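Please read the structure below before turning to the comments.
The values are calculated or read from the model by the stated rules, or taken from the named source; none is laboratory data. Because the structure is a prediction, the values reported are computed rather than measured. Glycine also receives a Cβ, built like all others from the backbone with ideal geometry; neighbour counts cover every protein chain displayed.
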Amino acid sequence: MTCSISLGAFKTSVYTLAEMTEKGEIRIGGKHAEFVSIRRVGRNDREDWFYTEVEVRTEGLQGKIRASFRRGELSRFAEEIEVLYQKLRGEATLEPLEPHLTLSFAGDGKGHIEVMGTAQATLGSGTKLAFSLSVDQTSLPSIAKNLRATDSTEPT
């Protein structure tokens, strides 16, 4: 059974944090309110896969999952985010081979960036959390930089 929960964006005070924290964590969205965080916890295996802990926190709901990425997936997403930052219109999409976490950043041409995504612990079954939040365009370069760093470095 798949349960899909969709939540609107937190519209009051959007504080955007897109920095690599001391623990090697990328945080997209608010510092304490709504956010998605990705923290690398494993080294690349022989086939270039690595593991992360993902936390999604939305108004009223939160959850943590482990997600695996193939080397290069986060860097490709970073490239799309950089194009979005230049044009402020269009979409940047993370759709990894193992879609435990999917993200889509959409720009309206005026600097408003909507982040939509899904988080799922078990592929193909179980609960799937669908979420939406807003970030400021000025956070996009840091997000891209930190995605590349996570893709290319070992965990801290």
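Table for the structure above
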quantity: Some residue of the range 104-119 being closer than 22 Å to Trp49 by Cα, among the β-branched types (Val, Ile, Thr) and not in a loop (DSSP other than H, G, I, E, B); calculated: yes
quantity: Scan of the range 51-66 for residues that are in a strand (DSSP E or B) and touching a residue at least 40 places away in the same chain (Cβ under 8 Å), ordered by number; calculated: Thr52, Val54, Val56, Thr58, Leu61, Gly63, Ile65, Arg66
quantity: In the range 111-156, the residues that are farther than 23 Å from Lys31 by Cα and either among the aromatic types (Phe, Trp, Tyr) or in contact with a helix residue (DSSP H, G or I) (Cβ under 9 Å, 6 or more places away or on another chain) (or both); calculated: Ser152
quantity: Given (1) in a strand (DSSP E or B); (2) without any contact (Cβ under 8 Å) to a residue 60 or more places away in the chain; (3) among the polar types (S, T, N, Q), index of the condition Ser134 fails; calculated: (2)
quantity: Filter result (closer than 23 Å to Val56 by Cα and not in a strand (DSSP E or B)) within the range 86-103; calculated: Glu95, Pro96, Leu97, Glu98, Pro99, His100
quantity: Lone unmet requirement of (1) out of contact with any Asp or Glu (no Cβ under 8 Å at 6 or more places or on another chain); (2) in contact (Cβ under 8 Å) with a residue 12 or more places away in the chain; (3) closer than 16 Å to Pro141 by Cα for Val83; calculated: (2)
quantity: Residue among Arg57, Arg76 that alone is under 15 Å from Gly29 (Cβ atoms) and basic (Lys, Arg); calculated: Arg57
quantity: Residues of the range 44-67 satisfying the condition of being of a type in the set (Asp, Glu) and in contact with an Asp or Glu (Cβ under 7 Å, 6 or more places away or on another chain); calculated: Glu59
quantity: So Val115, is it on the phi < 0 side of the Ramachandran plot, at pLDDT below 95 and buried (at least 16 other Cβ atoms within 10 Å of the Cβ); calculated: no
quantity: Single residue of Ala106, Ala144, Ala121, Ala78 found to be among the small types (Gly, Ala, Ser) and at pLDDT below 95; calculated: Ala121
quantity: Given (1) in contact with a His (Cβ under 6 Å, 6 or more places away or on another chain); (2) exposed (fewer than 14 other Cβ atoms within 10 Å of the Cβ), number of the condition Ala67 does not satisfy; calculated: (2)
